[in-house]
Amino acid sequence: MRISPAQPQDLAKLLAFREEATAWLSRLGTDQWQRPYPADKLLATIEAGVVFMVRDGDTTAATITLTPEAEEGLWSEDELREPSLFVNKLTVARTHAGQNLGGRLLDWAGDRAYRAGAKWLRLDAWTTNTALQAYYLRKGFEHIRTVRQGVAVNGGPRVSGWLAQRATRLAEHGFTDETPAPVQVV
C-alpha cells in the first residue's frame, strides 16, 4: 500500500468515503459525522496539501488529514506554542478494517510530525464516541481534557472536543510513502 497526497480530482471519492464511514458509525450507534462535510472545505484542505490517501492498488483504503493548525478554541495558548501537528478525519474503508491501517496511519503521522520538528501529535475526537476514545488511548495517546463549550469550525455545536496527544517519534508504518518532505513546524 502507498500513501500520497490527495488531489482535487479525489474530492468525490473522499466525500463518498466519508458517507460510508458515517453510515458505519451510525450502525454502531454514534451520531459522529451526521452533518455532511462541506465539499468546498474539503477541497480547500486537499489544495493545501494536508489530506493524504492510502491506496491499495486503485482502491482507497484509508485517509487522514494532518495539519499544523488546530481547530480554534480547543488547545490552550501554552499548548499551541509547542510544535505540534494535528490529526483530523482519519478514516479506514470497511473493506480494509481489521488490518491496523488506522494504527499504521497514526504511526506515519507521528513519524511525519517528528521529521517536521513537532513535539506532539494531537487530535480531537468525538466527545460521545467512547469506543474511538479508547482506541486512541490504546494507540498511546494521553487524554488531555474534553472541551464541550464553543462552536465548531463548521458553525455547529462543539461535538469533537475530546483532546489527546502523544509524543512524536520515528516509526515504521509499512507504507510506500509518496508524500513530499514535511514542512518544518519549529
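The values are calculated or read from the model by the stated rules, or taken from the named source; none is laboratory data. Just so you know, these numbers come straight off a predicted model, no measurement behind them. Here Cβ is always computed from backbone atoms with ideal geometry, including for glycine, and neighbour counts include all displayed protein chains.
What to note about this one:
- Ala109 vs. criteria touching a strand residue (DSSP E or B) at 6+ places or on another chain (Cβ under 6 Å) and either at pLDDT 90 or above or of a type outside the set (Ser, Thr, Tyr) (or both): yes
- Residue selected from the range 118-131 under the condition buried (at least 17 other Cβ atoms within 10 Å of the Cβ) and aliphatic (A, V, I, L, M), by the criterion modelled with the lowest pLDDT: Ala125
- Whichever residue in the range 91-109 is out of contact with any Phe, Trp or Tyr (no Cβ under 8 Å at 6 or more places or on another chain) and either surrounded by fewer than 21 Cβ atoms within 10 Å (Cβ to Cβ) or of a type in the set (Ser, Thr, Tyr) (or both) and, among such residues, is nearest to Glu142 (Cα to Cα): Gly103
- Boolean, Leu137 is of a type outside the set (S, T, N, Q) and loosely packed, with under 15 Cβ neighbours inside 10 Å: yes
- Among the residues of the range 83-99, those identified as closer than 22 Å to Glu20 by Cβ and either modelled with pLDDT of 95 or more or hydrophobic (A, V, I, L, M, F, W, C) (or both) are Val87, Leu90, Val92, Ala93, Ala97.
- Number of the exception - Glu142 against (1) surrounded by 11 or more Cβ atoms within 10 Å (Cβ to Cβ); (2) closer than 17 Å to Ile3 by Cα; (3) at pLDDT 95 or above: (2)
- Matching residues in the range 57-90 - criterion: being among the aliphatic types (A, V, I, L, M), more than 16 Å from Phe175 (Cα to Cα) and either surrounded by fewer than 21 Cβ atoms within 10 Å (Cβ to Cβ) or free of Cβ contacts under 8 Å to residues at least 40 places away in the same chain (or both): Ala70, Leu80, Val87
- Test: residue in the range 110-117 that is surrounded by fewer than 18 Cβ atoms within 10 Å (Cβ to Cβ) and without any contact (Cβ under 8 Å) to a residue 40 or more places away in the chain: no
Residue-wise test of (1) in contact with a Pro (Cβ under 7 Å, 6 or more places away or on another chain); (2) at negative phi; (3) in a strand (DSSP E or B).
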position	(1), (2), (3)
Thr63	no, yes, yes
Leu106	no, yes, no
Arg112	yes, yes, no
Thr127	no, yes, no
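- Checked against the criteria, His173 does not count as within 22 Å of Glu20 (Cβ to Cβ), surrounded by 13 or more Cβ atoms within 10 Å (Cβ to Cβ) and more than 13 Å from the chain's Cα centre (by Cα).
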